Amino acid sequence: MALQQIKKVIVRDAIIENVTRYIRDNNLQVGDRIPSERTLADAMKVSRSSVREALKILESNGLLKIRHGGGAFLLSTAAVPVAEYNSAQRDHFVFLRQLIQARRMIEERVVAEVVPHLTESQILSLRRMEDEQLEAAEKGRAEEGSRFELPNMNFELAITSLLDNPVIWEMHKRVEVQWKKTFRRLSTTPFPARERYNHHMEIIRTMESGSVKAAVKAMAFHNSILADYIDEEIRKLDLRRDEGCGQAPEGSGAEQAECTIMNGGAGK
């Protein structure tokens, strides 16, 4: 059974599904080693950081044991537990939705202000930054705490810095701090590194062209994909909640009360 290429923008769940299918279809047993991060990433056409994130989730669910420097080994042949509704998780995604609204107000306006005054050296600097970020992510150097840790807003903040307005930059930086902190709590990231790179390089290309309209459109597209990702995660959590409420027996105490509250109260 061959590993399948991941075609979805949101890859974490798809990688988990693909790896668990590989384990099942190849009849792996407890103690067997699964393919390396690099092999999995190459086979599924995703970044190593995305694979690493998925493997950590499988480890936290008790399916794998990761030995640093030694690979990942099958710890249990039981199916990965079905995720349950988590109201705190939903709250984090709702906060991210608010943050992406703030980002759009800043970033799409900033790019319009910057484009008419952009220099060749500034374009080269943005390209160099993105090349370094992609290399770090694909070589496993985007670890937590590093300047390359994903997700980050290094690219967008670099554009904002070109305004030479410290007030706007500081506002933008505060958004980034909350953005990174929230995604870290969720143990996820919205983009494969390569897709993020492609989006940013298209923004750079349109900025270099001198077209304000094209540059704003490219930045808006990038942010709309982020917004869609966040909305989809909220939708899946709401579906999980509703399925859980549908299974709760009538009058089953706290669980039933929580469902009633989350669905807007009795009689609504």
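Only the coordinates and a few stated rules stand behind these numbers; no lab work does. This structure is a prediction, so every number in the text was calculated from the model and none was measured. Here the Cβ is made from the backbone with ideal geometry for all residues, glycine too, and neighbour counts use every protein chain on show.
At a Förster distance of 45 Å, what's the computed FRET efficiency of residue 120 paired with residue 28, Cβ-Cβ distance as r, to 0.05?
Taking R0 as 45 Å, the efficiency between residue 120 and residue 28 is 0.25.
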What FRET efficiency comes out for the pair residue 45/residue 131, r = Cβ-Cβ distance, R0 = 22 Å, nearest 0.05?
0.65
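Between residue 101 and residue 194, what length in nm is gained on full extension when 0.36 nm per residue of separation is reduced by their alpha carbon distance?
The span from residue 101 to residue 194 would gain 31.1 nm if fully extended.
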Calculate, in nm to one decimal, what residue 217 and residue 59 gain on full extension: separation in residues at 0.36 nm each, minus their alpha carbon distance.
52.9 nm
Between residue 231 and residue 174, what is the FRET efficiency for a Förster distance of 22 Å, r being their Cβ-Cβ separation, to the nearest 0.05?
0.40
Residue span residue 113 to residue 238: 0.36 nm per residue of separation minus Cα-Cα distance leaves a gain in nm of 41.1 nm
Volume per residue that the Cα convex hull of region 137-179 spans, once the total is divided by residue count, Å³:
68
Per DSSP, the loop-located trypsin sites (Lys or Arg not before Pro) within region 138-244 having at most 11 other beta carbons within 10 Å are 147
